[in-house]
Ligand code: UDX
């Protein structure tokens with residue numbers, strides 16, 4: 001199959017490289033010339049484990065290429081994917097669809113022969129209808145089908161998620177082109193048959209909603225365990241054992257029950273708000289998700305207060321070290337990271353903040369005014385009155401704690417990801433607090 005991928009951001013790049021690895025011929029397109037130049041030089045603009053090798057192999061074998069001008073690729077494609085950004089619209093939280101609409105206009109003028117136009121971007125219910133209307137208006141004779149195929153890729157584990165997904169959701173409307181569209185989509189994902197990953201064919205609006213429902217459910221699950229963590233602290237219970245105790249029930253499941261500083265990232269915050277807005281617009285409010293959004297926002301803001309609680313004193317004039325700034329490990333992504341709430345709150349309370357992150361420093365330095373960026377975890381903890389583990393990078397699990405203790409002004413550790421055990425830390429002489437562990 002020939003694939004044109006419009007948008008070479010996170011989703012477009014990972015999906016494009018994986019489709020090429022499946023044996024298809026893929027052109028990843030982006031309007032940003034510097035991004036395409038970098039990709040053509042073999043530089044990967046994002047940090048994603050395994051992506052550099054995957055891109056290199058498939059470029060070398062001639063299945064993957066990058067272009068600023070997508071005209072030729074779109075003309076000859078069996079499937080054109082729209083994988084552009086859908087940021088939150090400032091002011092109202094609705095998804096901003098201007099890039100999706102622009103892509104639809106571009107596609108409309110170019111496609112030749114039967115073409116499946118696939119929305120990969122996370123788009124509100126009904127966007128497929130809009131894309132279809134745009135293409136039909138611009139090119140009334142076009143032979144095409146618009147299909148929804150949401151991504152469920154976790155940053156840091158995206159390639160595995162693409163190649164071994166729990167399921168692939170494909171939304172096709174029952175019209176004259178439906179059968180041909182299903183054939184193209186089945187062919188694109190054919191290698192997954194070997195992994196027995198089900199292709200779930202539904203109608204287009206259902207597919208669009210599944211994406212939001214999945215993310216909202218996971219965000220709700222995290223928020224639920226975060227509230228349980230607070231309750232555990234109040235009643236003297238252990239949230240990790242609560243999570244295990246409920247997670248072993250298969251109806252609940254063990255995943256996404258890690259209590260922490262609140263969810264962040266490029267998807268959950270944006271998609272939960274967008275779902276809330278869509279639901280309100282259609283007069284069917286989703287109150288559980290509204291509460292999830294509010295509880296999570298409040299949680300991120302409250303995390304700085306835990307430092308003072310553990311210190312037993314104000315942070316005024318104290319030095320606080322933040323370990324980990326990205327919203328989760330194995331990414332350089334800072335979008336809606338809890339550190340963006342925690343660091344400013346500490347600075348506002350009079351603390352001096354120094355920080356280290358294995359991959360996120362470059363981006364973090366642009367976003368975190370007044371934070372001193374250090375070259376290593378040990379540099380960051382030097383002279384600190386409290387260390388806060390904000391992101392659970394593996395290297396922070398393996399810290400030389402005796403060295404950390406020696407470097408610190410006083411051994412106080414606030415572990416927002418529960419990567420250490422309270423009894424171990426006490427034994428080592430730290431004043432320690434985790435999340436939801438009494
Ligand atoms: C998410 C979805 O998992 C993915 O399917 C979707 O397509 C995009 O959004 P991602 O944002 O990359 O992926 O990260 P994820 O691993 O889901 O974590 C999201 C946030 O939740 C992070 O801030 C993480 O720290 C937090 N989280 C996750 C918890 O606090 N506890 C958990 O148990 C799991």
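The values are calculated or read from the model by the stated rules, or taken from the named source; none is laboratory data. Here the structure is a predicted model, which is why all the values come from computation and not from measurement. Don't worry about glycine lacking a Cβ; one is built from the backbone with ideal geometry, like all the others, and counts go over all protein chains shown.
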Taking the conditions exactly as written (within 23 Å of residue 422 (Cα to Cα) and touching a residue at least 12 places away in the same chain (Cβ under 8 Å)), does residue 262 satisfy them or not? yes
Answer yes if at least one residue in segment 292-310 is under 30 Å from residue 205 (Cβ atoms), modelled with pLDDT of 95 or more, surrounded by fewer than 22 Cβ atoms within 10 Å (Cβ to Cβ) and more than 16 Å from the ligand (Cβ to nearest atom), and no otherwise. yes
Has segment 211-227 got any residue that is surrounded by 15 or more Cβ atoms within 10 Å (Cβ to Cβ), modelled with pLDDT of 95 or more, over 28 Å from residue 437 (Cβ atoms) and out of contact with any strand residue (DSSP E or B) (no Cβ under 9 Å at 6 or more places or on another chain)? yes
Return yes when residue 71 is modelled with pLDDT of 95 or more, surrounded by 21 or more Cβ atoms within 10 Å (Cβ to Cβ) and not assigned by TED's automatic domain parsing to the domain that holds residue 332 and no when it is not. no
Residues that are assigned by TED's automatic domain parsing to the domain that holds residue 155, crowded, with 23+ Cβ neighbours inside 10 Å and touching a strand residue (DSSP E or B) at 6+ places or on another chain (Cβ under 8 Å): does segment 49-60 have at least one? yes
Got at least one residue in segment 278-294 being at positive phi and in contact with a helix residue (DSSP H, G or I) (Cβ under 9 Å, 6 or more places away or on another chain)? no
Can you say whether residue 278 is part of a helix (DSSP H, G or I), away from the ligand (no atom under 15 Å from the Cβ), crowded, with 18+ Cβ neighbours inside 10 Å and under 24 Å from the mean Cα position of the chain (by Cα), as far as the supplied structure shows? yes
Of all the residues that make up segment 314-351, how many are part of a loop (DSSP other than H, G, I, E, B) and within 14 Å of the ligand (Cβ to nearest atom)? 15
Only one of 380, 384 is closer than 18 Å to residue 318 by Cβ and assigned to a loop (DSSP other than H, G, I, E, B). Can you tell me which? 384
Please state which of the following conditions residue 215 fails to meet, knowing it meets all the rest: (1) within 13 Å of the ligand (Cβ to nearest atom); (2) assigned by TED's automatic domain parsing to the domain that holds residue 328; (3) touching a residue at least 40 places away in the same chain (Cβ under 8 Å). (2)
When you check residue 137 against the structure, is it within 14 Å of the ligand (Cβ to nearest atom) and either modelled with pLDDT under 95 or surrounded by fewer than 16 Cβ atoms within 10 Å (Cβ to Cβ) (or both), yes or no? no
Condition first: within 16 Å of the ligand (Cβ to nearest atom), surrounded by fewer than 21 Cβ atoms within 10 Å (Cβ to Cβ), in a loop (DSSP other than H, G, I, E, B) and in contact (Cβ under 8 Å) with a residue 12 or more places away in the chain. Can you find one or more residues in segment 399-417 that meet it? no
Does residue 8 fit the bill of being modelled with pLDDT under 95 and either crowded, with 18+ Cβ neighbours inside 10 Å or under 20 Å from the mean Cα position of the chain (by Cα) (or both)? no
Given (1) within 30 Å of residue 93 (Cα to Cα); (2) modelled with pLDDT of 95 or more; (3) touching a helix residue (DSSP H, G or I) at 6+ places or on another chain (Cβ under 8 Å), index of the condition residue 314 fails: (1)
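Condition check ((1) within 12 Å of the ligand (Cβ to nearest atom); (2) touching a residue at least 12 places away in the same chain (Cβ under 8 Å); (3) touching a helix residue (DSSP H, G or I) at 6+ places or on another chain (Cβ under 9 Å); (4) under 23 Å from residue 209 (Cα atoms)) across all residues:
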position: 226; (1), (2), (3), (4): yes, yes, yes, no
position: 242; (1), (2), (3), (4): no, yes, yes, no
position: 249; (1), (2), (3), (4): no, no, no, no
position: 269; (1), (2), (3), (4): yes, yes, yes, yes
The correct count of residues that are farther than 13 Å from residue 148 by Cα and either out of contact with any strand residue (DSSP E or B) (no Cβ under 8 Å at 6 or more places or on another chain) or modelled with pLDDT of 95 or more (or both) in segment 187-206 is 9
Residue check, residue 84 against (1) in a loop (DSSP other than H, G, I, E, B); (2) out of contact with any strand residue (DSSP E or B) (no Cβ under 7 Å at 6 or more places or on another chain); (3) at pLDDT 95 or above, all met but one. Which one? (2)
Any idea which residue in segment 195-212 is farthest from the chain's Cα centre (by Cα), counting only those that are within 14 Å of the ligand (Cβ to nearest atom) and farther than 20 Å from residue 256 by Cβ? 207
